[in-house]
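Read through the structure below, which is laid out as structure tokens, and then see the notes.
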Amino acid sequence: MTVKLLVTGVAAVAAVGAAAAGVTAVAYSSFGTSPVSTVQPVALSVPLPLDPPPAPNLPNDGELSSLLTNLTNPGVSYHDKTGLVEGGISGEEGRNADHTLRDAYRDGKFPLAFDVSNIQAAGPNAATADVATSGPKLPAPVTQNYRFVNQGGWVVSHDSAMALMQTISSS
């Protein structure tokens with residue numbers, strides 16, 4: 001009886017093995033690929049969040065404040081400031097800016113202080129920032145949004161430089 005039980009067990013194992021081989025053959029021939037490659041764990045098919053994009057190279061508030069301080073220095077000619085403004089400063093604009101700054105200095109409007117906040121990317125190689133300009137003759141800080149451009153170093157956009165000169169001359 002032990003031999004009969006052993007033979008029956010071996011036959012059962014062989015039948016299960018043959019059935020499994022048949023199912024594999026059917027699955028392989030039906031799909032044209034190995035069944036192992038078509039079965040994927042559910043956890044692996046869930047998309048994972050992408051890495052965040054790299055933070056843009058933005059200037060800090062100290063850099064921008066220093067840039068604006070240098071630009072508005074009444075003791076320095078516009079010739080020495082042309083590299084601080086996007087596209088440079090034309091002769092006529094430079095002479096007008098120098099005149100505006102000297103008049104403001106004589107009128108007691110200096111020193112000016114620039115409180116820079118809310119620095120944000122504004123496209124490739126550009127940033128914007130809210131700048132509160134204050135000085136002895138300004139009754140309250142004048143806040144404007146200025147644009148800055150990275151041209152191998154941060155410079156103020158031409159339009160923002162002109163807006164700053166307007167702020168100084170109207171105070």
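Quick notes on this structure:
- Residue match in segment 90-109 (condition: hydrophobic (A, V, I, L, M, F, W, C), surrounded by 15 or more Cβ atoms within 10 Å (Cβ to Cβ), in contact with a strand residue (DSSP E or B) (Cβ under 8 Å, 6 or more places away or on another chain) and at pLDDT 95 or above): no
- Only listed residue being more than 25 Å from A122 (Cβ to Cβ), modelled with pLDDT under 95, in contact with a Pro (Cβ under 8 Å, 6 or more places away or on another chain) and outside the structural domain of H158 (by TED's automatic domain parsing), chosen from A20, A27: A27
- Segment 53-110, subset of a type in the set (V, I, T) and in a loop (DSSP other than H, G, I, E, B), residue nearest to Y146 (Cα to Cα): T72
- From the options D80, D61, D107, residue that is acidic (D, E) and in contact with a Lys or Arg (Cβ under 8 Å, 6 or more places away or on another chain): D107
- For segment 145-171, a residue qualifies if it is surrounded by 15 or more Cβ atoms within 10 Å (Cβ to Cβ) and more than 20 Å from I89 (Cα to Cα), and exactly one does: S171.
The values are calculated or read from the model by the stated rules, or taken from the named source; none is laboratory data. Note that this is a predicted model, so its numbers are computed, not measured. No Cβ is skipped: glycine too gets one built from the backbone with ideal geometry, and neighbour counts run over all protein chains shown.
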